[in-house]
Amino acid sequence: MQLINQYSFPFLAGVIILILAGILLRKGGTDGLLIPLATMFLGFLIAFWLFSPGASPETSATVKVEDAIGSGKAVLLEFQSSY
């Protein structure tokens, strides 16, 4: 289930491309099919690249977190998902 959650955008983009390819094939054949599908595929790839979360800058701070937890003081930990 986590795989579907993390990659729901590419799955949905693939489904949309397949549906639109089916519609284009039913309407007019394969003459002008490659350019619109390639454009949509490229648009989905660019959108995935732009909106995908990168590595968090706080991932390298695990040593500071471990030191704070072991210091004997109360510590509030907050976990956030990048998705």
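Here is a list of conditions, (1) open to solvent by 70 Å² or more (accessible area, probe 1.4 Å); (2) at pLDDT 75 or above, and Gln2 meets all of them except one; can you say which number that is?
(2)
So, in region 11-36, exactly how many residues are over 20 Å from the mean Cα position of the chain (by Cα) and touching a residue at least 12 places away in the same chain (Cβ under 8 Å)?
5
May I ask you to verify whether Ser82 is open to solvent by less than 100 Å² (accessible area, probe 1.4 Å), within 21 Å of the chain's Cα centre (by Cα) and at pLDDT below 80?
Yes; evaluated as a whole, the condition is true for this residue.
Pull up region 43-75, narrow it to residues that are closer than 22 Å to Asn5 by Cβ and surrounded by 11 or more Cβ atoms within 10 Å (Cβ to Cβ), then point me to the one that is modelled with the lowest pLDDT.
Ser52
The values are calculated or read from the model by the stated rules, or taken from the named source; none is laboratory data. Everything quoted here is computed from the prediction, not taken from an experiment. Here Cβ is always computed from backbone atoms with ideal geometry, including for glycine, and neighbour counts include all displayed protein chains. Surface accessibility is based on the protein's heavy atoms, side chains included, excluding ligands, DNA and RNA. Shrake-Rupley method; radii C 1.70, N 1.55, O 1.52, S 1.80 Å.
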